[in-house]
Amino acid sequence: MAADSSDVLSRIEKEKTGYLEELKDYLRIPSVSTDPGYREQVLRCADFVLERMSSAGLNAERIETDGYPLVYGEWLGAPGKPTLLFYGHYDVQPVDPIELWRHDPFEPTEEGDELVARGATDDKGQSFAQLKAVAAVLAERGSLPVNVKFLVEGEEESGGDSIESFVRTDGGETLACDAVVVSDSSMFGAGQPSLLYGLKGLQYMEIKVVGPNRDLHSGAYGGAVANPANALAHVIAQLRDSETGRILIPGFYDKVRPLADWEREDWAALPHDEEAYKAELGLDATFGEEGYSTLERAWARPTCDVNGLWSGYQGEGAKTVLPAEACAKVSMRLVPDQEPAEIARLFTDYVHAVLPSGVTLEVTEIHGAPPVLVEVDGPLAAAAAAAQQDVWGKPPFKIREGGSIPIVGTFAQVLEVPILLVGMGLPDDRLHSPNEKFNISHFYNGIRTIVRLLDRAGVE
Ligand code: BES
Ligand code: MN
Ligand code: MN
């Protein structure tokens with residue numbers, strides 16, 4: 001086994017429950033970045049991360065931005081050795097629907113091996129595992145085998161631009177490194193690590209269909225004027241063929257890079273259990289684009305989905321009303337080589353073209369992120385794969401996933417180094433859903449994996 005880590009691994013064994021308690025304190029801060037009502041809490045969370053970095057032994061600072069601060073820390077005491085840049089995010093998704101949580105989402109609760117809280121896996125638990133690994137090595141040895149930098153942001157979940165402009169303006173000066181290590185995704189399954197080489201991009205839109213200047217009596221006016229809710233339903237129905245699952249926006253697929261033959265072959269051989277997948281979701285059937293498997297649809301084919309939909313009366317009983325407007329939020333997940341800005345244009349033109357008469361339409365672009373494919377070879381990627389094998393006893397599957405991490409594409413472009421997507425979560429972690437969890441054993445193994453990565457990268 002290259003480079004012995006047993007000194008640090010035994011320290012982790014002794015101290016791990018303390019690390020878990022610290023993670024719980026982190027999870028108690030409701031850092032919901034998309035909702036301005038949580039502003040003070042998000043800022044408090046940045047300070048928590050700053051304090052944890054400093055006490056780990058990093059030179060840490062808060063980098064102010066137009067939005068939420070970035071927290072940056074570094075330890076550069078290993079001249080001549082590689083530099084790893086660790087990325088994570090301290091913000092979390094909103095908690096709604098709150099009534100479906102078994103406990104307060106911000107009071108982390110242990111349920112067997114599961115630690116249940118908003119942000120447990122996405123991304124406080126994973127990002128904190130990176131930091132505790134570095135902290136444990138520094139505490140044990142007073143030095144690290146490689147140089148490290150940390151950049152932890154507070155706007156990942158709200159598609160914020162702050163980190164994007166920081167990375168571009170900095171141009172690789174502060175952030176110069178030999179590889180970026182991102183832990184903000186999941187393993188393939190229980191006991192099976194993965195090293196991702198692709199993430200989807202995203203274009204998020206909001207559409208508002210506007211009709212009469214006020215809600216109307218649906219008997220007095222119904223049939224005489226267009227109903228915005230009906231019109232919106234028509235527009236949404238035109239987005240996608242409900243038989244074939246194909247998206248009907250002209251030009252949408254023009255730049256889609258087809259799956260490579262080797263990908264189709266490799267993925268078909270993965271131990272994906274369709275029955276277990278359906279059972280875990282409470283479904284009788286999966287659905288998606290004709291001609292592609294579940295994994296292919298989820299990892300490598302673009303999508304167009306309604307994320308939110310509202311109009312008219314939502315309360316108890318009936319109210320006979322013809323709503324004045326109707327709204328929808330729509331996300332399109334993108335794959336190489338689709339471009340978010342172009343997709344936004346195609347979408348906007350198309351929804352205008354299929355809009356029934358008698359109503360008007362407002363279309364807003366909320367945010368976008370480019371799709372990415374990254375290199376997973378070279379000595380540092382090999383060190384990451386070997387570190388995963390050291391801890392999990394199996395080499396990682398090299399796969400893609402369907403989520404988006406907007407800054408990853410920018411890192412690849414600006415820093416021109418490998419991006420190592422070393423996820424520690426599980427596919428059933430319920431990220432963005434009620435009762436989000438992170439397995440406590442994964443928190444500990446995540447720490448161990450990063451320790452092994454540091455030691456292996458140090459002997460490269
Ligand atoms: N950690 C996720 C991304 C992710 C999820 C990667 C699952 C791989 C597997 C990240 O926090 C996230 O949720 N990203 C958003 C980005 C958006 C708000 C711009 C997403 O994918 O919806
Ligand atoms: Mn995340
Ligand atoms: Mn997320």
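The values are calculated or read from the model by the stated rules, or taken from the named source; none is laboratory data. What you see is a predicted model; the values in this text were computed from it and never measured. A quick note on method: Cβ atoms are made from the backbone with ideal geometry, for glycine too, and the neighbour counts reach across all protein chains shown. Note: accessible area is taken over every heavy atom of the protein model, side chains too, but ligands, DNA and RNA are not part of it. Shrake-Rupley method; radii C 1.70, N 1.55, O 1.52, S 1.80 Å.
How much of the accessible area of the chain, in percent, comes from carbon and sulfur atoms when a 1.4 Å probe is used?
Values: 9510 of 19360 Å².
Here it works out to 49 percent.
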**Inter-label distance, nm, simple model (7 Å from Cα along the C-beta direction), E173/E316** = 6.3 nm
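With a cap of 15 neighbouring Cβ atoms within 10 Å, and only residues DSSP puts in a loop, list the GluC sites (Glu not before Pro) found in region 27-116.
Numbers: sites: E40, E51, E61, E64, E74, E99, E110, E111, E114; in loops: E64.
Of the GluC sites (Glu not before Pro), the ones in loops of region 27-116 whose Cβ has at most 15 other Cβ atoms within 10 Å are E64.
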**Request:** Mind listing the long-range amide H neighbours of V321? Cut-off is under 5 Å, sequence gap 5 or more, other chains count too, H placed in the peptide plane at 1.01 Å from N.
**Result:** S218
**Under 22 Å, Cα to Cα: Lys pairs in region 194-336, sequence gap 8 or more or different chains** = 4
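Please get the size of the charge dipole for the chain, origin at its Cα centre, with Cβ charges of +1 on Lys and Arg and -1 on Asp and Glu, quoted in debye to the nearest 20. Show your work: numbers first, answer last.
On the way: 40 positive and 73 negative charges, 6 e Å.
So the dipole magnitude of the chain works out to roughly 40 debye.
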**Request:** Pull up all non-local amide H partners of R240: gap of 5 or more, or a different chain, and H-to-H distance under 5 Å with H placed in the peptide plane.
**Result:** L248
**Request:** Between the alpha-carbon centers of region 27-105 and region 181-216, tell me the distance in whole angstrom.
**Result:** 21 Å
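Mind checking the full-extension length gain between L270 and D66? Use 0.36 nm per residue of separation minus the Cα-Cα distance, one decimal, nm.
69.1 nm
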**Prompt:** Taking the Cα-to-Cβ direction at H432 and at V225 and moving 7 Å from each Cα, how far apart do the two end points lie in nm?
**Reply:** 3.6 nm
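If Lys and Arg each add +1 and Asp and Glu each add -1, what is the summed charge of the other residues whose beta carbon sits under 9 Å from the beta carbon of K208?
Numbers: positive: none; negative: E206, E325, E362.
That sum, taken over residues with Cβ under 9 Å, equals -3.
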**Prompt:** Under a 1.4 angstrom probe, counting protein chains only, how are W101, W310 ranked by accessible area, largest first?
**Reply:** W310, W101
**Message:** Quick check for you: which residues of region 205-243 have the amide N under 18 Å from the point 7 Å beyond the Cα of D284 toward its beta carbon?
**Reply:** 243
**Request:** Return one quarter of the surface area of the convex hull spanned by the alpha-carbon atoms of region 138-199, equal to its mean projected area, in nm².
**Result:** 6.8 nm²
**Message:** Tell me whether region 303-457 comes out rounded, prolate or oblate; compute the Cα gyration tensor, take square roots of the eigenvalues as a ≥ b ≥ c, and use a/c under 1.5 as the rounded threshold.
**Reply:** oblate
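Counting only complete DSSP H runs, which helices of the chain cover 18 Å or more along their long axis at the Cα atoms and score a mean Kyte-Doolittle of -0.5 or above? Working shown, then result.
Numbers: long enough: 6-27 (29 Å, -0.85); 39-56 (26 Å, -0.13); 125-141 (24 Å, 0.45); 340-353 (20 Å, 0.17); 379-392 (19 Å, 0.54); 440-458 (27 Å, 0.14).
Counting only whole DSSP H runs, the qualifying helices are 39-56, 125-141, 340-353, 379-392, 440-458.
Find, to one decimal place in angstroms, the Kirkwood hydrodynamic radius of the chain, where the mean of 1/r is taken over every pair of different Cα atoms and then inverted. Let's see the in-between values first.
Working: mean 1/r = 0.0425 Å⁻¹.
With all distinct Cα pairs of the chain included, I get 23.5 Å.
Heavy atoms only, 1.4 Å probe, whole protein assembly: order S54, S5 by accessible area, highest first. List each step's numbers first, then the result.
Working: S54 60, S5 0 Å².
In descending accessible area the options line up as S54, S5.
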**Item:** Calculated [θ] (222 nm, deg cm²/dmol) that DSSP helices of n ≥ 4 give over the chain, each run adding -39,500 (n - 2.57)
**Value:** -10500 deg cm²/dmol
**Item:** Anisotropy class of region 84-184 from Cα gyration tensor, a/c 1.5 cut
**Value:** oblate
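Please give the FRET efficiency for E15 paired with E99, using the beta carbon to beta carbon distance and R0 = 35 Å, rounded to the nearest 0.05.
Numbers: r = 37 Å, r/R0 = 1.06.
That gives a FRET efficiency of 0.40.
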**Asked** What whole number of Å gives the distance from the Cα centroid of region 260-314 to the Cα centroid of region 347-408?
**Response** 15 Å
**Item:** At most 11 other Cβ within 10 Å, DSSP loop - GluC sites (Glu not before Pro), region 128-180
**Value:** E173
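Using the beta-carbon distance between D377 and S143 and R0 = 30 Å, what value does 1/(1 + (r/R0)^6) give for FRET efficiency, to the nearest 0.05?
0.55
Using the Cα gyration tensor of region 27-74, with a ≥ b ≥ c the square roots of its eigenvalues, what is the shape: rounded (a/c below 1.5), prolate (a/b larger than b/c) or oblate (neither)? Each step should come with its number before you reach the end.
On the way: a/c = 3.65, a/b = 1.65, b/c = 2.21.
In terms of gyration-tensor shape, oblate.
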**Request:** Set the Förster radius R0 to 25 Å, insert the Cβ-Cβ distance between K398 and D4 as r into 1/(1 + (r/R0)^6), and round the FRET efficiency to 0.05.
**Result:** 0.40
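Once you mark the trypsin sites (Lys or Arg not before Pro) that are in a DSSP loop and have at most 10 other Cβ atoms within 10 Å, what is the longest gap between them in the chain? Before the final figure, lay out each step's value.
Values: sites that count: R102, R214.
Counting at most 10 other Cβ atoms within 10 Å as exposed, the longest clean stretch of the chain is 215-460.
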